[in-house]
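**Q** Sending over a structure as structure tokens; questions will come in a sec.
What follows is calculated from the coordinates using simple rules that are stated; it is not laboratory data. Here the structure is a predicted model, which is why all the values come from computation and not from measurement. Methodologically, a virtual Cβ is constructed for each residue, glycine included, from the backbone with ideal geometry; neighbour enumeration extends over all protein chains shown.
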Amino acid sequence: MRKKEKKLLFLIRAFNDLDHFAPVICEALRSNYRVHLVFTSEWPGEHYLTTFLDGQGAEVTKLKWLERFHWRIRPKMGGFFVLRILDTLFGVIPALVWMFKMGFISVIVEWGGISGRDVARYLLVAGRILRLPIFSFPHGYHIWRNKIINDLMIRLGEEHPAFDFSERNRFSRVIVQSENVQQFFLERKIRREKLMVLGSPRFSEQWGLRNLNLALKDHRNIGIPLDKPLILIFLGTWDYRMNKSACFELIKALATVPDTNVLIKGHSRGSRAGGLTEGERDNWLSDSIFYAEDSTPSTVLIHHARMVINYGSSIGIEAVLQHKPYCNASFLTENSTIFDKSGVAFDANSVEDVIEFVEQTLKCSKTATMTNETRAEFLKEHVYADQAESKVLDGYLELFSERVC
């Protein structure tokens, strides 16, 4: 009798999903799973990781009939009950038939509600009808240690229904990378038995090196001169209790450091949410201050940087992976993070502290903000979930061999 194929369906909405799913997809392919990727938003998935995974055997599936209904036909309709009927007839039922014929054994989607976003909503309903295990995988990394992390939570209060994630208990499992991330979800009413702490394949050392090499092949030119030491600063999401004016003061001070170039990288959520608008770029950019293109991977920028300054982004973990001198400008946010007093970064409490860090790093080519021991300890806690690196991907693949609903 012919052995039944093991097929996985990954629903990918944005680059961040792909970035965190890619190492799991790669390992699944290596373990003889057939993997189908469906891009569920208007983002077409054009990225070096998509090309790489396609070359490894992943199948990018275009559900044109579902996209046509959701993006072209549905917006022209009105009325709650009419939309519910149309969603069932032209969304859920066709998705159900397709998924049944394909014979998927599991569905993987980003962190978010079980109802899904965009085209994913029909596929998730169909998956539940078919009683398939549906796993919610990380699409980012939660670095915060405090409860009230953004302006919306301050305005509405942490008990507001907007921060109640109990709907996500309908997932088969919700995967998190560390105990700190698990605590965040527990506080938002996801049951402990639904949560699994498996570590972060995205930030593992083995995948980090492979990912960097792939990115460097695809982005040989980052569009700025590299004839001077490069100071790289990552911006956080402004409404996550960030001090924007102090950040601009820091950029102004960095511009005075002689014989250097400063590169600003906006947050992946966009220029208004966590970057510089066109007007702000006109005011701040100069012959020595540059703004990175959104399409240039942060891994490549860190590779070319002499040092990294960060205060509100998980990309700081990438700086740790690449052994870069790393400044944690914690005074720019009211939040506390996993980088504070972590032993892997220089903790700066003022603009003056950052400038001191920059000057010392420029003077000494061997400046280090971490030891091998503190780096290993940090990665073990926040990336490997207190287990060996090799066990992280094993945990993810074991999900697909268990029958959980």
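**Q** Restricting things to alpha carbons, tell me how big the chain is in terms of Rg and Dmax, in Å.
**A** When restricted to the Cα atoms of the chain, Rg and Dmax are 22.2, 73 Å.
**Q** Let me ask something else. How far apart, in nm, are the 7 Å Cα→Cβ label points at Glu293 and Asn150?
**A** My value for the distance between the label points is 2.8 nm.
**Q** In the stretch 296-395, which GluC sites (Glu not before Pro) fall in coil by DSSP and have 16 or fewer other Cβ atoms within 10 Å?
**A** Within the stretch 296-395, the qualifying GluC sites (Glu not before Pro) (loop, at most 16 other Cβ atoms within 10 Å) are Glu334.
**Q** Where does the charge balance sit around Ser298 when Lys and Arg score +1, Asp and Glu -1, over other residues with C-beta under 15 Å from its C-beta?
**A** Values: positive: Arg202, Lys265, Arg269, Lys324; negative: Asp19, Asp218, Glu293, Asp294, Glu318.
Spelling it out: positives minus negatives among the neighbours equals -1.
**Q** Report, in deg cm²/dmol and to the nearest 500, the calculated mean residue ellipticity at 222 nm for the chain, where each DSSP H run with n ≥ 4 adds -39500 (n - 2.57) and the sum is divided by the residue count.
**A** -11000 deg cm²/dmol
**Q** Further question: Can you give the % of DSSP beta bridges in the chain that are antiparallel, to the nearest 5?
**A** Restricted to the chain, the bridges split so that about 5 percent are antiparallel.
**Q** Sticking with this one: Between Asn213 and Asp227, what is the spin-label point distance in nm, taking each point 7 Å from the Cα along the Cα→C-beta axis?
**A** With each label point 7 Å from Cα toward Cβ, the separation is 3.3 nm.
**Q** Can you give me the Kirkwood hydrodynamic radius for the stretch 50-156, using every pair of distinct Cα atoms, in Å to one decimal?
**A** 16.3
**Q** In terms of Cα to Cα distance under 21 Å, which lysines are near enough to Lys265, apart from those fewer than 8 places away along the same chain?
**A** Qualifying lysines at Cα under 21 Å: Lys217, Lys228, Lys244, Lys252, Lys324.
**Q** Pick out which of Met99, Met77, Met153 has the largest mean-square fluctuation in a Gaussian network model of the chain, springs linking Cα atoms closer than 10 Å.
**A** Met77
**Q** Beyond 19 Å between alpha-carbons counts as too far, so tell me which of Lys6/Lys391; Lys147/Lys391; Lys341/Lys380; Lys6/Lys64; Lys7/Lys101 fall in that bin.
**A** Lys6/Lys391; Lys147/Lys391; Lys6/Lys64
**Q** Please give the FRET efficiency for Val257 paired with Ile129, using the beta carbon to beta carbon distance and R0 = 60 Å, rounded to the nearest 0.05.
**A** 0.50
**Q** Report the trypsin sites (Lys or Arg not before Pro) located in the stretch 95-191 that are in a DSSP loop and have at most 15 other Cβ atoms inside 10 Å of their Cβ, or state none.
**A** Answer in residue order: Arg131, Arg145, Lys147, Arg188, Lys189, Arg191.
**Q** Estimate the FRET efficiency between Val82 and Glu167 by the formula 1/(1 + (r/R0)^6), using the beta-carbon distance for r and 30 Å for R0, to the nearest 0.05.
**A** Efficiency, from the Cβ-Cβ distance: 0.80.
**Q** Compute the label zone of Lys341 within the stretch 124-152: residues whose backbone N is under 19 Å from the point 7 Å along Cα-to-Cβ.
**A** 143-148
**Q** What is the local net charge at Ile315, summed over the other residues whose Cβ is closer than 13 Å to its Cβ (Lys, Arg +1; Asp, Glu -1)?
**A** Around Ile315, the surrounding residues sum to +2.
**Q** Running a GNM on the chain with Cα contacts under 10 Å, which residue among Ala95, Ala345, Ala388 ends up with the highest mean-square fluctuation?
**A** Between Ala95, Ala345, Ala388, it is Ala388 that shows the largest mean-square fluctuation.
**Q** Follow-up. Using DSSP, restrict attention to beta bridges with both residues in the stretch 223-382 and report what percent are antiparallel, rounded to the nearest 5. Before the final figure, lay out the partial values.
**A** Values: 1 of 17 bridges.
DSSP beta bridges in the stretch 223-382 are roughly 5 percent antiparallel.
**Q** 7 Å from Cα along Cα→Cβ at both Glu5 and Ala368: what's the point-to-point distance in nm?
**A** Reported label-point gap for Glu5 and Ala368 is 4.9 nm.
**Q** Oh, and also: Between Asp239, Asp282, Asp394, where does the largest GNM mean-square fluctuation fall for the chain, given springs only between Cα atoms within less than 10 Å?
**A** Of Asp239, Asp282, Asp394, the Gaussian network model singles out Asp282 as fluctuating most.
**Q** Ok, one more. Using DSSP to define loop residues, name the trypsin sites (Lys or Arg not before Pro) in the stretch 45-81 whose beta-carbon has at most 15 other beta-carbon atoms within 10 Å.
**A** Qualifying residues, ordered by number: Lys62.
**Q** Same structure again: Where q = 0.19 Å⁻¹, what log10 of I(q)/I(0) comes from the Debye formula for the stretch 223-382, counting one point per Cα?
**A** -1.27
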